[in-house]
Amino acid sequence: MRRILAILLENEAGSLSRIVGLFSQRAFNIVSLTVAPTEDASLSRITIATEGDDKILEQIVKQVNKLIDVLKITDLTERQHVERELLLIKVLAMNDKSRTEVKRITDIFRGAIIDIGKQVYTIQLTGDADKLNAFINTLANETEIIESVRSGCVGIARGEKALRAK
Amino acid sequence: MSTELHTGAELVVKALSALKVKYLFGYPGGTVLDIYDALFKQQDVEHILVRHEQAATHMADGYARATGEVGVVLATSGPGATNCITGIATAYMDSIPMVVLSGQVPTGLIGDDAFQETDIVGCSRPIVKHSFNCRDISEIPNIIAKAFYIASTGRPGPVVIELPKDLLMPGQSAEFLLDAEIKMRSYNPTVKGHHRQIKKAVQAITQAKRLVIYSGGGIIIANAAELLQALVEKLNAPITNTLMGLGGISGLHDNFIGMLGMHGSLEANKAMAHADVILALGARFDDRVTNNVKKFCPNATIVHVDIDPTSISKTINAHIPVVGLVDIVIKQLLAELEETNYLINQENNQDWWQQINQWRNEKSISYENEVEGGKIKPQRVIQAMYQATNGEAYVCSDVGQHQMFAAQYYPFAKPRQWINSGGLGTMGFGLPAAMGVKMAFPDSHVICITGDGSIQMNIQELSTCMQYNLPVVIISLNNRSLGMVRQWQDMVYGGRHSSSYMESLPDFVKLAESYGHIGIQINSLDELDEKLAQAFAIKNQLVFVDVLVDEKEHVYPMQIRTGAIDEMWIKKGVKA
Ligand SMILES: Cc1ncc(C[n+]2csc(CCOP(=O)(O)OP(=O)(O)O)c2C)c(N)n1
Ligand SMILES: [Mg+2]
């Protein structure tokens, strides 16, 4: 089962490598990982999308928590949450037909064309993983995908629940 | 007010002395020469020069295991630091408090593949509790203090500190400032068990008909042996120890049913298999205990007390998990038993003991006595060693058959008496560990029980023993082979002895003598007791006792692979 873990940790040299190392050392799976400092620059927040059954997930959460520089870890997928991922994708748009078609698909998915070249469009789209996958598949049926990059997902709990240092 | 400024090297030494470090085990080299210079100019911290950095880590480890204090190591960057890896991993697996100070190339050269540069923090990352890259001289004292705090609290473990040379040299300086209290917002080890879990645990324990207490190294680390004994007696429960937990209850206590696991006693493994409640205290259901986890004690309710939440339900699912320091949790359990006016159900208890005593009567920890003029049995040597030391020695073991024989045939009366690499199984651990113990307890008998294979993995330390006058007694059960490997080859690989012979052994007596020690060889049973007594009578010189033992002997009992915990070979060809 796919899970999204949010981790709050000290923003120090080596703290990211401890997390990544832990996952590979214990044969846990990383589907995607994003990291950046928070509004409090002494803290970083990592979002990891992972896969595993309840037993594996329990170990992951415990093992991450055990790392000295981790303050908190939570499984966002346990409760209602919002998740988003950013996609930048460059596709072939050679003639009028493919240009209109790409534009139309982008509009339907509420994406934005953010750059154009002689023969290419670059599109930006945010959403959850399912939406991004659907968008990529639809585009692939219509034109050639030249390059794409995904940010990996970030997430946050709905409502009052929050992941904070105190 | 004038402030006194110090070099980074001086700050390191001042911090160690402020933390009351007596011994620093290490080996010099380019990046740490400033620390060596600072050490030279003071008296508080004594540096012990080993002959190989691996031995420095094991020495610090042995010192830590015997005293409960943090063992401290100093090594130079590059090869010095990488030589520490095995010792760090050994300490990590057995939860031993250790701080390793490693040199590093100057900050400006890091990343350039400079001479003797290795990323020791990266190399050691999977085998440390934590590590620090020092990048600012003023941080040195507090980083060292934090390292000690982390190494010694919660579930202890090794901490590595990397110190670049430019931070240590004259040129930069800083005040010696130590925070009065160590505070880390991200590290607060749980200490007390949750009261609801304590109540649940006591309920399960008091309703049990066939309770077994299974305790491990956590009892030793937490100094909880007396409390454990009180609990065992309060419940009149049978107790078994892991290899790491031996001495947690006296090996002579009536309720002790022996070690469990791969080479455990029949009664210990049977009792576990038949238990309806297992109370695990500071143990972690290691695969050398459980055998096949799928067949592990299916009918038992498992109460698991451990300071480390990751140990709980990792291999075996715990029905009642209790996270906390094991000494504190035992106190809580005792208080709850008191409060609920617990009385032993005599009938159930007697039935259970009757069953256990039947298993005990099979005397699974036994061996066939020597035939007249035959070879000495290794087990017999351990028994003789026990007699000769009145059961009071520190026994530091290497890894192999000799280790298992020592665990089986030397009942340890006290915690910290038995010192061995249980988790990693590091050959070469025994001698340096014994040296570390001898540093801490110069007036006690300290034995290194070893084999002809293991002893050669750190034999160079005989030289260190000479330099610092460390009269440990080395007892080598010399079977002219890598016995434990050969045993597996006999049992599992059709008797094909692939690379398990030691075909060119040195003359160990002469070898010991060449280092200025005493060497004794024993090759017949008649002289065993007498010569061992002689060896232990020599107080001020190291004695190397080379005992030629029966090379055909196997360690029994032995669990049958992929079987349940109590499926074992009792002796050759005989199943339990
Ligand atoms: C560093 C290391 N290498 C290899 C092993 C695998 N191993 C375990 S026991 C053993 C044989 C030990 O031989 P010896 O010290 O003579 O002890 P014996 O079993 O003969 O009593 C070996 C090679 C190990 N535990 N540690
Ligand atoms: Mg041998």
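Observations on the structure shown:
The rows are residues; the columns are (1) touching a Gly at 6+ places or on another chain (Cβ under 9 Å); (2) more than 29 Å from A:T38 (Cβ to Cβ); (3) in the same structural domain as A:E39 (by TED's automatic domain parsing).
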residue: A:V91; (1), (2), (3): no, yes, no
residue: A:N95; (1), (2), (3): no, yes, no
residue: A:I114; (1), (2), (3): no, no, no
residue: A:Q124; (1), (2), (3): yes, no, no
residue: A:T138; (1), (2), (3): no, yes, no
residue: A:A165; (1), (2), (3): no, no, no
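- Test: residue in region A:71-81 that is assigned to a helix (DSSP H, G or I) and either within 14 Å of chain B (Cβ to nearest Cβ) or in contact with a His (Cβ under 7 Å, 6 or more places away or on another chain) (or both): no
- Residue among B:G30, B:G68, B:G80 that is crowded, with 24+ Cβ neighbours inside 10 Å and of a type outside the set (S, T, N, Q): B:G80
- Scanning region A:16-44 for residues that are open to solvent by 50 Å² or more (accessible area, probe 1.4 Å) and within 14 Å of another protein chain (Cβ to nearest Cβ) turns up A:L16, A:S17, A:V20, A:S24, A:Q25, A:R26, A:A27, A:D40.
- Qualifying residue in region B:426-437 (condition: part of a loop (DSSP other than H, G, I, E, B) and surrounded by fewer than 24 Cβ atoms within 10 Å (Cβ to Cβ)): yes
- Matching residues in region B:297-337 - criterion: being charged (D, E, K, R) and either more than 14 Å from every other protein chain (Cβ to nearest Cβ) or open to solvent by less than 10 Å² (accessible area, probe 1.4 Å) (or both): B:D308, B:D327, B:K331, B:E336
- Within region A:45-104, the set of residues being over 20 Å from A:I4 (Cβ atoms), of a type in the set (A, V, I, L, M, F, W, C) and touching a residue at least 12 places away in the same chain (Cβ under 8 Å) comprises A:L88, A:I89, A:V91, A:L92, A:A93, A:M94, A:V102.
- Residue within region B:318-331 that is acidic (D, E) and either without any contact (Cβ under 8 Å) to a residue 40 or more places away in the chain or touching a strand residue (DSSP E or B) at 6+ places or on another chain (Cβ under 8 Å) (or both) present: no
- Test result for B:N469, more than 14 Å from ligand 2 (Cβ to nearest atom), under 29 Å from B:T57 (Cα atoms) and open to solvent by 10 Å² or more (accessible area, probe 1.4 Å): yes
- For B:N469, the criteria (1) on the phi < 0 side of the Ramachandran plot; (2) within 27 Å of the chain's Cα centre (by Cα); (3) more than 14 Å from ligand 1 (Cβ to nearest atom) hold in every case but one, which is (1).
Conditions (1) among the basic types (K, R); (2) near ligand 1 (Cβ under 10 Å from one of its atoms), marked per residue:
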residue	(1), (2)
B:A440	no, no
B:I475	no, no
B:S481	no, yes
B:M491	no, no
B:R496	yes, no
B:G516	no, no
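- Residues that are within 14 Å of chain A (Cβ to nearest Cβ) and open to solvent by less than 40 Å² (accessible area, probe 1.4 Å) number at least 3 in the following helices (runs of 4 or more DSSP H) confined to region B:96-184: B:120-124, B:140-152.
- The set of residues in region B:472-484 that are more than 7 Å from ligand 2 (Cβ to nearest atom) and hydroxyl-bearing (S, T, Y) contains only B:S476.
The values are calculated or read from the model by the stated rules, or taken from the named source; none is laboratory data. In this text, all values refer to a predicted model and were calculated from it rather than measured experimentally. Ideal geometry is used to build each Cβ from the backbone, glycine not excepted, and the neighbour counts take in all protein chains shown. Ligands, DNA and RNA are excluded from the accessible area calculation, which covers all protein heavy atoms including side chains. Shrake-Rupley method; radii C 1.70, N 1.55, O 1.52, S 1.80 Å.
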